[in-house]
Amino acid sequence: MMKKLLLTTLAIIATITMVAQTADPFLTSIVNGVPWTDDHGKPVNAHGACIVEENGKYYLFGEWKSDTTNAFPGFACYSSTDLVNWKFERVALPLQKDGLLGPNRVGERPKVMRCPKTGEYIMLAHTDDMRYKDPQVGLAVAKEITGPYTFIGPLLYKGKPIKRWDMGTFQDHDGTGYLLMHHGDIYRLSKDYRKAVKKVADGIKEGGESPAMLHKDGTYYLFGSNLTSWERNDNFYHTAPGIEGPWTKQGIFCPEGTLTYNSQSTFILPLHRGDSIVYMYMGDRWSYPHQASSATYVWMPMQVNGGKVNIPEYWPVWNPVTMQPVRDLGGTVIPVNFKTATKGAKLELPFEGTRIAVIGHTFNNGGYGRISIIDSQGGTVHTNLIDFYSKVDDHGLRYVSPLLPRGRYTLVVECAGEHPHWSNKRGDYFGSREDWVTVEEVRVY
Ligand code: DGJ
């Protein structure tokens, strides 16, 4: 009798443990549009990014943004074995004493490739002045993938800098390196990747900003965005039978009006899954001026077939091993009705568990909200500024806490009384005009 009871009890405990483990989808998922937390408890801060896969690891390089200014503070490198958990490696290229990436300069879109001929790691990036009137492509090199990278100067073509802004890179199957420039210029790099040697495509018609490329089954696909500063728009793509062209505009690859699921292209990562390659779109959801804390990532597998590309639906949470969306977030659902634009107004919600997720609404008059997790001693165990603005309405995940030791905590959501807004070179106003923070539900794990 006792034995049977014990076995039943063990079975129940095992079931509860299993439920508790399988109920947290965030352990193994890429979560779009929420800040990610690195191994130091800080937001993963690598925007306008690229990923290099090497020896079973993914190395993420991107803009190590600040929350206060657009001036270049460095380019960051993180590593991961699963694309979900990110370790901060270092500021791979720090602020320079002077020159193209010295004080009060812009540094954007770092792209790293390993040169097959020399074994050297080459970093190319957009450098500029603070008004975006001095665009050039900067070149930095390193012996180790994580750096530190040594800044060399401008990448040269026919002995001169390339005076264009948004850029990307592409490494073809045969190891040839290319530089992709906004407005549709493509340059082939020298064998050592340290200079541009041939302009293989010149002003592809309607070529946009934030260029990225993939090559599948003899077709080249070039992705880019319209020119809307930090705002999102419906990104589009071109195809060609060879990198030199002829390039044909195909149109958008996400449903019209979703503004590329509120993101801007930056890189396409080929992921080897079984015998096939799945191409992962990587995009930025910018948040000016608090980019370091509140700009987020949108990464999704693309359908690429016979010259067409499609991301038919938005997957806020998905598993990069199975390549499947997580349709049920699980957890214990707590409905909430918190909608305020009053600075300092707070939602306080005690909970017990190992994680909490916040679901809310974003729209064109959304602002910033600060979300914090307070432990039973009153200490802040995690805090992040969250952007509740989006030009097109969206309902979904806004925050996912890091995994916490099981315990009692209080979730605090506070209206920050400010909103993302900025102007472009012409002085046009972009972003929100009000400070609304809207939370509709939380889920406890
Ligand atoms: C759009 C570009 O794609 C971004 O990298 C950045 O330069 C912004 N413009 C600045 O407004």
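Here are the numbers for this structure:
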item	result
Sum of side-chain charges, Y237 neighbourhood, beta-carbon under 10 Å (Lys, Arg +1; Asp, Glu -1)	+2
Net charge dipole size for the chain [Lys, Arg +1 and Asp, Glu -1 on Cβ; Debye, nearest 20]	740
The chain: relative contact order as a whole-number percent, Cα under 8 Å and 6+ apart	13
Net +/- balance of residues flanking G119 in space, Cβ distance below 11 Å, scoring K and R +1, D and E -1	0
Hz values of 3J(HN,Hα) by residue in region 232-249 - Karplus curve (6.51, -1.76, 1.60), Gly and Pro given as x	8, 8, 6, 5, 9, 9, 10, 10, 7, x, x, 5, 7, x, x, 8, 10, 6
Overall Cα dimensions of region 317-373 - principal axes, largest extent first, Å	43, 32, 18
Separation of the D67 and S376 label points, Cα + 7 Å toward Cβ, nm	2.9
Share of alpha-carbon pairs per 5 Å distance bin for region 99-208, given as whole %	2, 13, 23, 26, 20, 11, 4, 1
Positive dipole terminus of the chain, leading residue within H126, G378, G48 (C-beta point charges)	H126
Segment V197-R131, length gained on full extension (0.36 nm per residue, minus Cα span)	20.9 nm
For region 207-223, 3J(HN,Hα) per residue [Karplus equation, 6.51 cos²θ - 1.76 cosθ + 1.60, θ = phi - 60°, Hz, x = Gly/Pro]	x, x, 8, 6, x, 8, 9, 9, 10, 9, 6, x, 10, 9, 10, 10, 10
Coordinate range along principal axes, alpha carbons of region 292-423, Å, largest first	58, 41, 27
Rounded to 10°, Cα long-axis angle of helix 2-22 versus longest principal axis of the chain	30
Computed label-point distance, nm, for sites E120 and K339 using a 7 Å Cα→Cβ extension	5.8
Cβ-defined net charge surrounding P301, 12 Å radius [Lys, Arg +1; Asp, Glu -1]	0
Dimensions (Å) - the chain, Cα atoms, principal axes, largest first	83, 52, 42
Region 92-109 residues near the modelled K42 label - backbone nitrogen below 11 Å, point 7 Å along Cα→Cβ	92
V321-Q250 FRET efficiency (beta carbon distance; Förster radius 22 Å; 0.05 resolution)	0.15
Residues of region 370-403 with amide N under 12 Å of a point placed 7 Å along Cα→Cβ from E440	393-398
Value of [θ]222 nm, deg cm²/dmol, for the chain, DSSP H segments ≥ 4, -39500 (n - 2.57) each, nearest 500	-2000 deg cm²/dmol
Size of electric dipole in region 97-197: Cβ of Lys, Arg +1 and of Asp, Glu -1, about Cα centre, debye, nearest 20	260
Selected from K158, K143, K199 as most flexible by GNM, with the chain as the system and alpha-carbon contacts under 10 Å	K158
Amide H partners (placed H, <5 Å) of I152, local residues excluded	L139, A140, V141
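A short reminder: the numbers here are calculations on the coordinates, not readings from a lab. No experiment lies behind these values; they were computed from the predicted model shown. Reconstructed Cβ throughout: ideal geometry from the backbone, glycine too, with neighbour counts over all protein chains shown.
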